[in-house]
Every structure is written in structure tokens, then in C-alpha cells.
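Engineer: Provided herewith is a single structure, encoded as C-alpha cells, for subsequent inquiry.
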Amino acid sequence: MTQGQGPIAPDLAQLVADADTGGRQATGFAAQLMLVIAVVWSLFQLWYASPLPFVLGKGVFNDTEARAIHLGTGLLLTFLAFPAWRGAPRTRIPSYDWVLAVAGAFAGAYLFLFYNAIADRPGQPTRLDVVTSVVGLLILFEATRRAVGLPMTILAVVFLIYALAGPYMPDVIAHKGASVNRMVSHMWLTTEGVYGIALGVSVGFIFIYVLFGALIDRAGAGNYMMQVSFAFLGHLRGGPAKVSVVSSGLNGLISGSSVSNVVSGGIFTIPLMKKAGYGGVKAGAIETMSSVDGQIMPPVMGAAAFLMVEYVGIPYSDIIRHAFLPAILSYVALFYIVHLEALKLGMQPMIKRAPRPVRERALRFALGASGTIVVVGVIYYLIVGAQAVLGAAAPWAIGALLLALYLIACRMVARVPDMPPDIDVENPVQPEAWPTVQAGLHFLIPIGVLVWCLMVEDLSPGLSAFYAVVAQLALMLTQRALIASMRGSRDVVAQLRLGLRDIVLGLNDGARSMIGIAVATGCAGIIVGTITLTGLGLRMTDFVEFVSFGSVILMLIFTALVCLMLGLGVPTTASYILVATLLAPVIVELGAQQGLVIPLISVHLFVFYYGIMADITPPVGLATFAAAAISGEDPIATGIQGFTYAARTLILPFIWIFNPQLLLIDVHGPIELVIVISACLIAALLFAAITMGWFRVRTRWWETLVLAVAVFTLFRPDFFMDQLYDEYRSEPAAKVFEIAGRLPDDERLVMLIAGTRLEGNDVRKTVAVQLGDQGPAPVDAATAAALGRKRIAEAGLSINVLGDIAQVTNVRFGSRARKSGFEQGFEVVAVQVPTDRPTPHWFYLPALLLIAIVWVSQGRRMHGAADPRSRPAPVQA
């Protein structure tokens with residue numbers, strides 16, 4: 001287990017290993033070999049993510065070579081780390097696994113080993129190519145069965161059969177079929193199948209972030225998050241459940257694994273929740289839901305989030321920005337749910353602490369919040385100032401500043417006692433808040449480096465994570481020795497050795513955690529490759545439109561059900577890839593044909609949000625099984641209860657489809673940002689209260705109805721404004737360039753286009769594309785038109801204007817315009833410009849009035865129940 005955490009029962013440790021790192025614990029030479037391979041894999045990925053190959057001009061790998069090395073190593077470790085079946089040897093590696101491991105490594109790395117030869121004969125596979133491809137696919141299926149599960153393997157095999165048996169399929173999904181040679185070449189010798197986008201994202205982004213999470217957890221940050229949460233919340237009513245929610249959210253900042261999140265925190269919080277009175281089923285469900293929600297918590301989200309970079313075509317920093325508010329709303333709603341559960345069950349705080357006056361608590365909070373803001377502001381302006389003044393020498397100054405912050409943080413750690421390695425479940429003692437915060441402030445430095453590089457410097461996700469990992473490695477090597485020396489210890493060399501050991505074990509943890517993801521993304525490439533080989537995506541459009549009767553709402557419900565059904569047997573990453581490839585474009589297209597501008601990112605986050613339920617929904621929800629193993633309760637009952645809690649936040653994806661402001665899209669200025677966040681937070685709390693049947697006291701039917709109207713109004717104020725005013729007015733298509741040049745940076749260019757597709761059907765739809773930065777506002781129409789033409793071209797769109805007619809002449813492949821639904825040859829009917837209607841936020845006022853009515857009504861009932869005069873006289877015998 002990681003440093004700073006208490007021991008985990010062997011069965012729980014085995015469960016985590018089976019799910020994340022492989023259940024085999026080999027000994028002797030085999031164990032040393034696996035450790036070396038895993039560490040070398042992590043070091044290779046660090047090298048690939050770093051700028052060093054390009055600076056030194058050596059060790060540069062192209063995307064295809066890197067993907068081949070990645071998959072080959074993943075297959076090699078799969079057969080060494082994952083036993084073939086439950087009763088297979090776990091302390092030694094059987095001979096058949098050695099054979100499969102070597103064969104898998106050769107087949108997976110085939111494109112790297114014979115890259116030049118294959119490039120010289122495209123489309124002409126040799127017998128060795130075909131044999132290697134067939135063997136590679138079979139080995140990949142077996143590796144997927146071991147590391148991911150049988151349902152994922154069956155799904156991939158079904159798609160492969162569909163590629164071969166196209167002519168024998170029903171007419172609605174029939175195609176001309178593919179020969180074995182063509183199919184295996186497409187899947188194994190090109191970047192359209194196994195070595196496609198999903199595996200590329202695993203190589204470029206996912207590995208380095210998983211490695212960062214493994215390193216920071218090995219350093220002790222996971223225990224730090226738990227102890228800080230317990231220090232601040234342990235004394236509250238339902239405190240253990242609130243600790244579970246907050247600590248899981250904090251762990252979600254650095255870890256995308258819900259199973260390890262459940263086990264690392266749940267071994268303490270679940271027994272404490274049972275002791276507080278929640279019961280085993282609810283305790284396990286609360287820990288499961290709070291841990292699974294960690295996959296949507298930026299900056300280190302679940303693996304599927306990195307795939308959005310390719311599928312949506314926007315930077316990862318934008319995905320973080322869009323996912324931030326839904327993640328906060330989910331955790332706030334879950335925090336409120338466990339609070340209401342505590343009220344309904346009549347719980348009292350487990351830990352008695354001397355009450356502080358409200359004024360003192362408010363003063364402490366104000367000082368802490370303001371002090372944090374001041375420190376962060378000073379650091380920000382020091383870095384920005386150094387960049388402005390020093391230019392090329394700024395990195396040295398910033399490095400010196402980080403070193404100074406690290407030394408200060410270590411000095412603060414040295415002055416306080418070490419954090420306890422765990423929480424005493426039988427006799428919990430709440431630690432003091434400020435000393436606990438001080439005991440791990442240095443853990444925030446690598447996280448700060450990651451956030452700074454992503455959000456301020458706007459570096460690529462891989463490069464940002466590389467710098468964060470470098471900072472984390474430096475911390476792990478030196479933290480023990482520095483703190484020991486500051487406490488007067490002379491055993492610095494031994495502490496450095498322990499730090500080096502932590503680094504090696506952390507590199508091993510990161511690689512072992514990536515085995516299943518590497519295999520899953522490779523297997524998912526078979527699904528994507530089948531779709532591109534057979535044109536299934538185009539056929540699915542007509543099929544899904546038929547099933548949904550052309551209704552966007554029914555289409556969304558259908559998509560959510562597909563995600564939940566896939567979640568019964570397929571992990572989140574594979575579920576996301578399948579649904580995002582087949583259904584996400586259909587939703588955008590269906591909305592466009594009905595005049596709805598649905599941002600592509602909202603649809604992908606919709607799919608992602610429902611996809612993470614795979615770790616909850618029985619019978620395959622691994623996080624649920626982990627929680628049930630700790631609580632000693634039935635995993636099916638725990639999963640059902642966990643899904644019940646999750647259902648209280650599942651309204652959010654439907655809201656952001658129709659109101660993108662929930663994703664911070666079309667939010668203008670800090671004032672509107674505060675208003676939107678406040679309204680959404682209130683709405684999320686109220687919806688949780690409605691589903692729990694409890695606000696201040698138990699709600700009556702009319703109060704539930706009033707609160708439901710208030711929730712809808714807070715989430716969808718634009719619905720009511722649309723009944724009074726049109727959102728857009730139409731401008732002539734000939735003015736498209738001038739309008740595009742005058743649009744602010746945070747606005748989208750909306751157009752009504754029409755045309756005839758190759759199938760012969762006429763289509764009319766509303767589409768929108770996000771433009772690049774505007775720069776200085778243009779003064780005259782000619783300057784605006786020139787700027788607009790440039791911004792439209794940068795979005796991947798070419799428009800030809802002749803008189804009053806504008807036509808889309810080209811849509812660049814993979815561009816924002818292509819992903820937004822623009823089609824070559826279509827005519828621009830009109831440009832949609834926002835009207836000067838009043839802000840929909842005025843409707844927040846009547847919503848708040850409705851809430852106040854219910855608040856007062858329930859307040860009277862509370863005071864009436866508390867007044868002895870209002871109670872009926874006891875009946876005399």
C-alpha cells in the first residue's frame with residue numbers, strides 16, 4: 001500500500017490488484033523482471049512526453065512507433081500480471097503465460113519493429129503481416145478478457161464478425177463486407193483500428209496522468225486529503241459521510257481510478273459511517289458514489305476525458321473548464337444528500353468538540369479564505385512579473401520561487417507532528433485543522449504546477465503533466481531528507497534512499513495501473529475501426545433517428561440508457577468510445593435539424609457522465625464490489641443504493657444539453673459567472689432535497705411541486721425568456737465575414753445552412769462554430785470582414801460569397817467546423833445574431849421567491865413542533 005496509509009486487508013488489496021494492476025504477485029526473478037519492465041515503461045512514457053527528444057535531436061518517436069511500443073509493453077505485462085483464471089497461479093508465472101507475453105509483445109510492437117518495411121509496401125501485406133495481425137488480434141482478445149473483462153471482449157468480437165459478415169446482415173445495417181486480409185490489415189497495420197485515436201490518447205495523455213496520480217499517492221497525498229477532510233468535518237452531524245464525500249473529491253483531483261479511491265478512503269470512512277448510523281449498504285453506496293464522481297473532477301479526470309481532446313477538437317484546458325461546475329455540483333449535491341440522510345435518521349455528531357461562537361467561526365473562515373487568496377495572488381503576480389521582466393531567463397526565476405515555496409512548506413511540515421497513518425475507527429479523534437493542513441502543504445506544489453501549465457501557460461496536456469511529474473519526483477526524492485534534517489536528524493542519506501525507493505515503486509504503480517487502460521484502448525480501436533471500415537456510423541444515424549422519432553429528448557434518454565446498459569459489462573473508457581463514436585454526432589445533427597445549437601462538448605460530457613456509472617452499476621461495478629467488501633454487505637444492494645444516490649445528480653447532463661451555461665459556455669464576465677454558479681448550486685441542492693423528500697423538515701406534496709418549479713427555473717431560465725423573446729435574429733448570409741470579425745472571443749458563429757446530401761435528401765439545420773481570438777475590435781466593416789474571413793478559415797471552414805449568396809466550399813477534415821456539423825456544398829441561408837433581449841437571469845427572482853415561500857412554511861412547522869404548547873395533551877389511561 002502507499003506511504004502514509006494504514007494496512008489494507010489482503011482480500012481488499014487483492015480486489016484492487018485484480019481491478020487496477022493485475023492480481024498476480026510473482027516472486028523471485030519474475031517479480032524483479034516485472035518491476036524492471038514497468039519502471040522502464042514509465043521512463044519511456046516520461047521521455048516521450050518531455051521536450052528532451054526534440055531538444056537533443058535523439059530518441060524521437062513518431063505517433064505510430066510510440067503506439068506500437070505502448071501496446072507491445074501493455075500486452076507483455078498483461079500476461080505477466082493478470083492470471084488466466086481465478087484458480088491460476090498467482091505467485092509464479094506459468095510457461096504458457098511467458099509464451100503469450102513474448103508473442104503479445106512482438107505482435108504489439110510489430111509496427112515499430114518493421115515500420116520502414118511496412119511503409120514501403122502500403123496496401124500489400126505479406127504473409128508475415130497477415131499472420132502477425134491475426135495472432136495479434138487473438139492475443140489482444142485474451143488480454144482484454146483478463147485485464148478488462150469478458151463483456152468487452154465479446155463486444156469487440158461481435159464488431160469484428162460484423163465487419164466480415166456485412167452482406168448477411170439485415171438491410172438496415174448491411175454492407176458489402178471485407179475480406180480477412182483487408183480486415184486484419186485495417187485493424188493491425190494502419191492507424192484506423194487498434195493503433196487508432198484511442199491508443200494514441202493512451203500513449204500521449206492518459207499514461208502520464210495516471211503516473212502522476214500514482215506518484216503523488218505513493219508520496220502520501222491520499223492520506224493527507226483524508227486527514228484534512230476529517231479535521232474539518234469529522235465533528236459534524238453525519239461527519240464520516242461528509243468526510244467521505246470531500247476526501248473523495250480531493251482525491252479525484254489527482255486520481256482517475258474509482259476502485260483505488262474507494263479502498264484507500266473507504267477502509268476508514270465506511271466503518272465510521274456504519275458506526276454513525278448510516279448502515280452498511282448506505283455507507284458503501286455513499287463511498288462508491290463519491291469515489292466514482294472523482295472521475296469528473298479536474299484536473300486529473302478519468303481516462304475517457306482525455307479522449308475528448310481528439311473527439312471534440314478542443315484543448316484539455318477547455319475540457320477542464322467545462323467539466324468544473326458539473327463536478328462541483330455533483331459533490332455539493334452528494335454532500336447535501338448525506339446531510340439530509342443524517343437529519344432523517346436523527347443522527348448526532350460522533351465526535352464532541354467544544355462549540356465555537358458563530359462569530360469566531362466566521363472570522364476563522366474569512367481569515368483562512370482571504371489569506372489563501374492573497375498567497376495565491378502574490379505567487380501568480382510574481383510569476384507573471386518574472387515572465388514580463390526577465391524574458392528568456394524567467395524559468396530560472398520561477399524555479400527558484402518554487403524551490404523557496406517548497407522549502408517553506410517543508411519547514412512548516414517539520415514544525416508539526418507527522419500525520420497519523422490512518423483513522424482510529426473504534427475511537428476516532430479529530431485532529432486540529434491548521435496543523436493538519438500544514439502537514440502536507442508541499443503536496444500542493446506539483447498540483448499547482450499542473451494547473452498552471454494547463455490553464456495559464458496553455459501547454460499541451462502531456463507536457464503539462466510532464467512538468468508536474470518532474471516536480472513530484474523531486475519532491476519524493478527530497479521530502480523525507482529535508483523534513484528530517486529540519487528536525488535535527490542526521491539520518492539524511494537513509495531518508496534519501498527511502499525517497500528513491502518511493503520513486504521506483506511509484507513508477508511501478510503507474511505502469512501497472514496502465515495495463516488495463518492500454519489493452520482497453522487497443523481493443524476499443526477494433527470497434528472504431530469496424531465503424532470506419534463498414535460505414536456503420538452513417539447507418540446508425542437513420543436508425544437512431546427512427547428509434548427516437550426525431551425527438552432530441554427521446555434521443556438523449558436512449559443514449560443514457562445505452563450508456564447504462566453498456567456499464568453493466570463494459571468499463572467507462574470503452575463505453576465512452578462506442579457511444580461517442582456512434583451516437584454523439586447523431587445528437588448534434590438531430591438538434592441542428594430542429595434549430596437547436598447543441599455544443600459538441602456538452603454531448604460528449606453527457607456520454608462521459610453516464611459512462612462513469614459503469615463502476616457503480618451491478619453486476620460488474622468494480623467500485624461497488626470494493627465498497628461492499630469493506631462494509632460486509634451485499635454488493636447488488638450496495639450498487640442499487642449507489643445508483644439511487646447517483647440518480648439524484650443524473651439530471652445535470654440533461655440540463656447542460658439545453659443550457660450550456662452549466663458548462664460555462666456563453667458566460668460573459670465575472671458577474672454573470674457568479675450569478676450562474678450561485679443559481680446552479682441552489683438548484684442542485686433543491687433537487688437533492690426534492691428527491692430525498694426533506695428540505696428543512698419532511699416536504700409536503702405542494703412544497704415538492706413548488707420546489708420543482710423553482711429548480712427548473714434556476715436551471716433553465718432561458719426556457720421562459722424564449723417564450724417572450726427570440727434568442728437570435730437573422731442577418732443576410734452575405735454579411736457572414738463582417739459578423740464573424742465582430743464576434744467577441746467567447747461567442748459562437750451561428751448559421752442556418754441548407755443543402756442536399758449524396759443520398760438525395762434535403763437538409764436544413766442550424767450549426768455553430770467556436771471562433772479563435774478576435775484581438776483588437778475592428779473599426780470599419782472592411783477590417784471586420786478581413787478578420788472574420790481569417791477566423792472562419794482557422795476554424796476549418798471556407799465560404800464563398802457571391803452577391804447575396806454564400807456557400808460552404810470546403811470543410812477541413814477533423815476541424816472544429818467539421819465536428820460542429822458544417823457540410824461542404826451547403827448554402828448559408830442566414831447568419832444568426834444574438835438579439836438584445838433582457839437577460840434570462842431575471843427569472844431567478846421568482847424562483848427565489850418560491851423557495852422563500854417553502855422555507856417560511858417549513859420554518860413554521862419546525863417552530864410549531866418545538867413549541868410545547870403546540871403538542872397535543874397526553875391521553876389519560
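The values are calculated or read from the model by the stated rules, or taken from the named source; none is laboratory data. Source: prediction; values computed, not measured. Here the Cβ positions follow ideal geometry from the backbone for every residue, glycine too, while neighbour counts run over all protein chains shown. To get the accessible areas, we keep the full protein, side chains included, count just its heavy atoms, and leave off ligands, DNA and RNA. Shrake-Rupley method; radii C 1.70, N 1.55, O 1.52, S 1.80 Å.
Engineer: If the requirement is being within 20 Å of ASP836 (Cβ to Cβ) and small (Gly, Ala, Ser), which of these qualifies: ALA740, ALA793, ALA782, ALA710?
Structural biologist: On the way: ALA793 fails: within 20 Å of ASP836 (Cβ to Cβ); ALA782 fails: within 20 Å of ASP836 (Cβ to Cβ); ALA710 fails: within 20 Å of ASP836 (Cβ to Cβ).
Only one candidate qualifies: ALA740.
Engineer: Across region 495-516, what is the number of residues that are crowded, with 24+ Cβ neighbours inside 10 Å and of a type in the set (A, V, I, L, M)?
Structural biologist: The number of residues fulfilling the criteria is 4.
Engineer: Suppose we filter region 561-598 for residues that are closer than 20 Å to ALA524 by Cβ and of a type in the set (Gly, Ala, Ser); how many remain?
Structural biologist: Summing the residues that are closer than 20 Å to ALA524 by Cβ and of a type in the set (Gly, Ala, Ser) in region 561-598 gives 6.
Engineer: If you don't mind, another one. Does ARG764 fit the bill of being open to solvent by 50 Å² or more (accessible area, probe 1.4 Å) and either closer than 27 Å to ARG539 by Cα or touching a helix residue (DSSP H, G or I) at 6+ places or on another chain (Cβ under 6 Å) (or both)?
Structural biologist: Numbers: open to solvent by 50 Å² or more (accessible area, probe 1.4 Å): yes; either closer than 27 Å to ARG539 by Cα or touching a helix residue (DSSP H, G or I) at 6+ places or on another chain (Cβ under 6 Å) (or both): yes.
Yes, satisfied.
Engineer: Just the residues that are under 16 Å from the mean Cα position of the chain (by Cα) and open to solvent by 10 Å² or more (accessible area, probe 1.4 Å), please, taken from region 324-344.
Structural biologist: Of region 324-344, the ones under 16 Å from the mean Cα position of the chain (by Cα) are 324-331.
Those that are under 16 Å from the mean Cα position of the chain (by Cα) and open to solvent by 10 Å² or more (accessible area, probe 1.4 Å): PHE324, ILE328, TYR331.
Engineer: Looking only at residues in region 289-305 that are farther than 16 Å from VAL451 by Cβ and under 9 Å from the mean Cα position of the chain (by Cα), which one is surrounded by the fewest Cβ atoms within 10 Å (Cβ to Cβ)? Please lay out each step first, then the result.
Structural biologist: The first filter runs over region 289-305 and keeps only residues farther than 16 Å from VAL451 by Cβ, leaving 289-296, 302-304.
Checking the rest, the ones that are also under 9 Å from the mean Cα position of the chain (by Cα) come to 293-296, 302-304.
Numbers: ASP293: 27, GLY294: 30, GLN295: 28, ILE296: 23, GLY302: 28, ALA303: 26, ALA304: 28.
It comes out as ILE296.
Engineer: Now, a different point. Mind checking whether some residue in region 721-728 is out of contact with any His (no Cβ under 7 Å at 6 or more places or on another chain), closer than 23 Å to VAL811 by Cβ and open to solvent by 10 Å² or more (accessible area, probe 1.4 Å)?
Structural biologist: To start, the set of residues in region 721-728 that are out of contact with any His (no Cβ under 7 Å at 6 or more places or on another chain) comprises 721-728.
Within this subset, residues satisfying the condition of being closer than 23 Å to VAL811 by Cβ are 728.
Narrowing further to those that are open to solvent by 10 Å² or more (accessible area, probe 1.4 Å): 728.
Yes.
Engineer: Look through ARG321, ARG364 and report the one residue that is open to solvent by 30 Å² or more (accessible area, probe 1.4 Å), out of contact with any Asp or Glu (no Cβ under 9 Å at 6 or more places or on another chain), farther than 27 Å from GLN661 by Cα and among the basic types (Lys, Arg).
Structural biologist: ARG364
Engineer: Select, from GLU731, GLU738, the only residue that is outside any loop (DSSP other than H, G, I, E, B), surrounded by fewer than 17 Cβ atoms within 10 Å (Cβ to Cβ) and out of contact with any Phe, Trp or Tyr (no Cβ under 9 Å at 6 or more places or on another chain).
Structural biologist: Working: GLU738 fails: surrounded by fewer than 17 Cβ atoms within 10 Å (Cβ to Cβ).
When all the criteria are applied, what remains is GLU731.
Engineer: Now, a different point. If the requirement is being surrounded by 24 or more Cβ atoms within 10 Å (Cβ to Cβ), touching a helix residue (DSSP H, G or I) at 6+ places or on another chain (Cβ under 8 Å), assigned to a helix (DSSP H, G or I) and not hydroxyl-bearing (Ser, Thr, Tyr), which of these qualifies: GLY213, GLY193? Please lay out each step first, then the result.
Structural biologist: Numbers: GLY193 fails: assigned to a helix (DSSP H, G or I).
The conditions single out GLY213.
Engineer: Against the condition within 17 Å of SER513 (Cα to Cα) and either in contact (Cβ under 8 Å) with a residue 12 or more places away in the chain or of a type outside the set (Lys, Arg) (or both), how does GLY72 come out, does it pass? Step through it out loud before you land on a result.
Structural biologist: Values: within 17 Å of SER513 (Cα to Cα): yes; either in contact (Cβ under 8 Å) with a residue 12 or more places away in the chain or of a type outside the set (Lys, Arg) (or both): yes.
Yes.
Quick grid of which residues meet (1) among the small types (Gly, Ala, Ser); (2) modelled with pLDDT of 85 or more; (3) farther than 22 Å from ILE587 by Cα:
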site: GLY814; (1), (2), (3): yes, no, no
site: PHE826; (1), (2), (3): no, yes, no
site: PHE843; (1), (2), (3): no, yes, yes
site: GLY864; (1), (2), (3): yes, no, yes
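Engineer: Follow-up question, since we're still on this one. Could you check, for region 482-494, whether at least one of its residues is in a helix (DSSP H, G or I) and crowded, with 23+ Cβ neighbours inside 10 Å? Give the derivation first.
Structural biologist: Looking only at region 482-494, we keep the residues that are in a helix (DSSP H, G or I), and these are 482-486, 492-494.
Restricting the remaining residues to those that are crowded, with 23+ Cβ neighbours inside 10 Å gives 482.
Yes, there is a match, as at least one residue in region 482-494 is in a helix (DSSP H, G or I) and crowded, with 23+ Cβ neighbours inside 10 Å.
Engineer: I need a count of the residues in region 390-401 that are open to solvent by 90 Å² or more (accessible area, probe 1.4 Å) and at pLDDT 85 or above.
Structural biologist: The number of residues fulfilling the criteria is 1.
Engineer: Which of the helices (runs of 4 or more DSSP H) contained wholly in region 59-134 include at least 3 residues that are open to solvent by 70 Å² or more (accessible area, probe 1.4 Å)?
Structural biologist: It comes to 95-108, 115-120.
Engineer: From the set of residues in region 778-813 that are open to solvent by less than 30 Å² (accessible area, probe 1.4 Å) and not hydrophobic (A, V, I, L, M, F, W, C), which is farthest from GLY755 (Cα to Cα)?
Structural biologist: Applying the filter and picking the extreme gives PRO778.
Engineer: Filter region 470-509 for residues that are more than 24 Å from PRO51 (Cβ to Cβ), in contact (Cβ under 8 Å) with a residue 24 or more places away in the chain and polar (S, T, N, Q) and give the result.
Structural biologist: Those that are more than 24 Å from PRO51 (Cβ to Cβ), in contact (Cβ under 8 Å) with a residue 24 or more places away in the chain and polar (S, T, N, Q): GLN479, ASN508.
Engineer: Taking region 42-58 as the region of interest, how many residues are touching a residue at least 60 places away in the same chain (Cβ under 8 Å) and open to solvent by less than 30 Å² (accessible area, probe 1.4 Å)?
Structural biologist: Looking only at region 42-58, we keep the residues that are touching a residue at least 60 places away in the same chain (Cβ under 8 Å), and these are 42-43, 45-46, 48-51.
From what's left, open to solvent by less than 30 Å² (accessible area, probe 1.4 Å): 42, 45-46, 49-50.
Of the residues in region 42-58, 5 are touching a residue at least 60 places away in the same chain (Cβ under 8 Å) and open to solvent by less than 30 Å² (accessible area, probe 1.4 Å).
This table checks each residue for (1) out of contact with any Cys (no Cβ under 6 Å at 6 or more places or on another chain); (2) aromatic (Phe, Trp, Tyr); (3) at pLDDT 85 or above.
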{"position": "GLY265", "(1), (2), (3)": "yes, no, no"}
{"position": "TYR278", "(1), (2), (3)": "yes, yes, yes"}
{"position": "ALA285", "(1), (2), (3)": "yes, no, yes"}
{"position": "GLY302", "(1), (2), (3)": "yes, no, no"}
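Engineer: Within region 627-637, track down each residue that is open to solvent by 20 Å² or more (accessible area, probe 1.4 Å) and either without any contact (Cβ under 8 Å) to a residue 60 or more places away in the chain or assigned to a helix (DSSP H, G or I) (or both). Even if it seems obvious, please write down each step before you answer.
Structural biologist: Pass one, region 627-637, residues open to solvent by 20 Å² or more (accessible area, probe 1.4 Å): 629-630, 632-637.
Within region 627-637, ALA629, ILE630, PRO635, ILE636, ALA637 meet the criteria.
Engineer: Of the residues ARG121, ARG67, ARG92, ARG146, which single one is without any contact (Cβ under 8 Å) to a residue 60 or more places away in the chain and not aliphatic (A, V, I, L, M)? Before you say what the answer is, go through the steps one by one.
Structural biologist: Numbers: ARG67 fails: without any contact (Cβ under 8 Å) to a residue 60 or more places away in the chain; ARG92 fails: without any contact (Cβ under 8 Å) to a residue 60 or more places away in the chain; ARG146 fails: without any contact (Cβ under 8 Å) to a residue 60 or more places away in the chain.
Selected residue: ARG121, the only one of ARG121, ARG67, ARG92, ARG146 that is without any contact (Cβ under 8 Å) to a residue 60 or more places away in the chain and not aliphatic (A, V, I, L, M).
Engineer: Let me ask another. Residues being part of a helix (DSSP H, G or I) and either surrounded by fewer than 21 Cβ atoms within 10 Å (Cβ to Cβ) or of a type in the set (S, T, N, Q) (or both): count how many of those fall in region 638-675. Lay out the reasoning, then the answer.
Structural biologist: To start, the set of residues in region 638-675 that are part of a helix (DSSP H, G or I) comprises 638-647, 651-658, 660-663, 669-675.
If we keep only those that are either surrounded by fewer than 21 Cβ atoms within 10 Å (Cβ to Cβ) or of a type in the set (S, T, N, Q) (or both) too, we end up with 638, 640-641, 644, 647, 651, 654, 658, 660-661, 669-675.
Count: 17.
Engineer: In region 824-858, how many residues are open to solvent by 70 Å² or more (accessible area, probe 1.4 Å), under 30 Å from LEU685 (Cα atoms) and in contact (Cβ under 8 Å) with a residue 24 or more places away in the chain? Break it down stepwise before answering.
Structural biologist: Within region 824-858, the subset open to solvent by 70 Å² or more (accessible area, probe 1.4 Å) is 824, 827, 836, 842, 845, 848-849, 853, 855-856.
Next, from what is left, pick out any that are under 30 Å from LEU685 (Cα atoms): 842, 845, 848-849, 853, 855-856.
After this cut, where a residue has to be in contact (Cβ under 8 Å) with a residue 24 or more places away in the chain as well, the list is 842, 848, 853, 855.
So the answer is 4.
Engineer: So how many residues does region 410-465 have that are assigned to a helix (DSSP H, G or I), closer than 30 Å to PRO315 by Cα and open to solvent by 30 Å² or more (accessible area, probe 1.4 Å)?
Structural biologist: So the answer is 9.
Engineer: Would you mind telling me which numbered condition in (1) closer than 26 Å to TRP188 by Cβ; (2) assigned to a loop (DSSP other than H, G, I, E, B) GLN45 fails?
Structural biologist: Status for GLN45: all satisfied but (2).
Engineer: Here is a check on your reading of the model: is ALA156 in contact with a Phe, Trp or Tyr (Cβ under 7 Å, 6 or more places away or on another chain), open to solvent by less than 20 Å² (accessible area, probe 1.4 Å) and within 23 Å of ALA66 (Cβ to Cβ)?
Structural biologist: On the way: in contact with a Phe, Trp or Tyr (Cβ under 7 Å, 6 or more places away or on another chain): yes; open to solvent by less than 20 Å² (accessible area, probe 1.4 Å): yes; within 23 Å of ALA66 (Cβ to Cβ): yes.
Yes, satisfied.
Engineer: Any idea which of (1) polar (S, T, N, Q); (2) farther than 20 Å from PHE106 by Cα; (3) under 29 Å from the mean Cα position of the chain (by Cα); (4) open to solvent by 30 Å² or more (accessible area, probe 1.4 Å) is the one THR27 doesn't satisfy?
Structural biologist: (3)
Engineer: Within region 592-612, does at least one residue satisfy the condition of being free of Cβ contacts under 8 Å to residues at least 24 places away in the same chain and under 26 Å from VAL281 (Cβ atoms)? Break it down into steps so the answer makes sense when it comes.
Structural biologist: To start, the set of residues in region 592-612 that are free of Cβ contacts under 8 Å to residues at least 24 places away in the same chain comprises none.
No, every residue in region 592-612 fails to be free of Cβ contacts under 8 Å to residues at least 24 places away in the same chain and under 26 Å from VAL281 (Cβ atoms).
Engineer: Here's another thing I want to ask about it. Residue by residue through region 466-481, note down the ones that are of a type in the set (Val, Ile, Thr) and open to solvent by less than 50 Å² (accessible area, probe 1.4 Å). Walk me through how you get there before you give the answer.
Structural biologist: Start the filter on region 466-481 by keeping residues that are of a type in the set (Val, Ile, Thr), which leaves 469-470, 478.
Selection gives VAL469, THR478.
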